[in-house]
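Colleague: Please find one structure pasted underneath; my questions will follow.
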């Protein structure tokens, strides 16, 4: 993102790490199993480290996003509230939340 000019992007669609911090299996409310990520790139030492990571990429995104642009961020119940708070802290306006129940593994 650092190579892109300021205010040059109309839409950012981001799917950042969810910081799942899995200690076991992850299931949906209907008890169906989720094939979740358990890779190193999704592990953070603390919530503070995750929040700092999130703030850094969102600040970079803010720089390249046009004033009339939009940002969509994919998340789970594990991280989306932290993501939303960071968006608001950085001056983004949250228009709406979209909930999508992913039914495939």
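Colleague: For residues that are surrounded by 13 or more Cβ atoms within 10 Å (Cβ to Cβ) and in a loop (DSSP other than H, G, I, E, B), scanning just the range 5-19, find the one that is modelled with the highest pLDDT. Even if it seems obvious, please write down each step before you answer.
Modeller: Going residue by residue through the range 5-19, those that are surrounded by 13 or more Cβ atoms within 10 Å (Cβ to Cβ) are 7, 9, 12, 14, 16-19.
With in a loop (DSSP other than H, G, I, E, B) added as a condition, the list becomes 7, 16-19.
Values: 7: 98, 16: 94, 17: 90, 18: 86, 19: 85.
So the residue we want is 7.
Colleague: Determine which single condition residue 92 fails, assuming it passes every other condition in (1) part of a loop (DSSP other than H, G, I, E, B); (2) touching a strand residue (DSSP E or B) at 6+ places or on another chain (Cβ under 8 Å); (3) exposed (fewer than 12 other Cβ atoms within 10 Å of the Cβ).
Modeller: Of (1) part of a loop (DSSP other than H, G, I, E, B); (2) touching a strand residue (DSSP E or B) at 6+ places or on another chain (Cβ under 8 Å); (3) exposed (fewer than 12 other Cβ atoms within 10 Å of the Cβ), only one is false for residue 92: (3).
Colleague: Taking residue 26 as the residue in question, decide whether it is closer than 24 Å to residue 89 by Cα and at pLDDT below 95. So that I can check it myself, show each step before the final result.
Modeller: Working: closer than 24 Å to residue 89 by Cα: no; at pLDDT below 95: yes.
So residue 26 fails the test.
Colleague: To continue, here is another question. Does the range 34-49 contain any residue that is under 19 Å from residue 2 (Cα atoms) and assigned to a strand (DSSP E or B)?
Modeller: Keep residues of the range 34-49 that are under 19 Å from residue 2 (Cα atoms), which gives none.
So far as the range 34-49 goes, no, none of its residues is under 19 Å from residue 2 (Cα atoms) and assigned to a strand (DSSP E or B).
Colleague: Moving on to the next point. Please go through the range 68-81 and pick out each residue that is at pLDDT below 95 and out of contact with any helix residue (DSSP H, G or I) (no Cβ under 6 Å at 6 or more places or on another chain). Working first, answer last.
Modeller: Within the range 68-81, the subset at pLDDT below 95 is 74-81.
Hits for the range 68-81 are 74, 76, 77, 78, 79, 80, 81.
Colleague: Now for a different question. Of all residues being buried (at least 16 other Cβ atoms within 10 Å of the Cβ) and without any contact (Cβ under 8 Å) to a residue 40 or more places away in the chain in the range 56-79, which is farthest from residue 34 (Cα to Cα)? Just the residue, please.
Modeller: If we take residues in the range 56-79 being buried (at least 16 other Cβ atoms within 10 Å of the Cβ) and without any contact (Cβ under 8 Å) to a residue 40 or more places away in the chain, then 62 is farthest from residue 34 (Cα to Cα).
Colleague: Here's something else I'd like to know. Please determine whether any residue of the range 51-59 is assigned to a loop (DSSP other than H, G, I, E, B) and at pLDDT 95 or above.
Modeller: Pass one, the range 51-59, residues assigned to a loop (DSSP other than H, G, I, E, B): none.
Within the range 51-59, none of the residues are assigned to a loop (DSSP other than H, G, I, E, B) and at pLDDT 95 or above.
Colleague: Tell me, yes or no, whether the range 23-35 has at least one residue that is surrounded by 15 or more Cβ atoms within 10 Å (Cβ to Cβ) and touching a helix residue (DSSP H, G or I) at 6+ places or on another chain (Cβ under 9 Å).
Modeller: Pass one, the range 23-35, residues surrounded by 15 or more Cβ atoms within 10 Å (Cβ to Cβ): 26.
In the following step, the residues that additionally are touching a helix residue (DSSP H, G or I) at 6+ places or on another chain (Cβ under 9 Å) were identified as none.
No, because not a single residue in the range 23-35 is surrounded by 15 or more Cβ atoms within 10 Å (Cβ to Cβ) and touching a helix residue (DSSP H, G or I) at 6+ places or on another chain (Cβ under 9 Å).
The values are calculated or read from the model by the stated rules, or taken from the named source; none is laboratory data. In this text, all values refer to a predicted model and were calculated from it rather than measured experimentally. We place every Cβ from the backbone using ideal geometry, glycine too, and count neighbours over all the protein chains shown.
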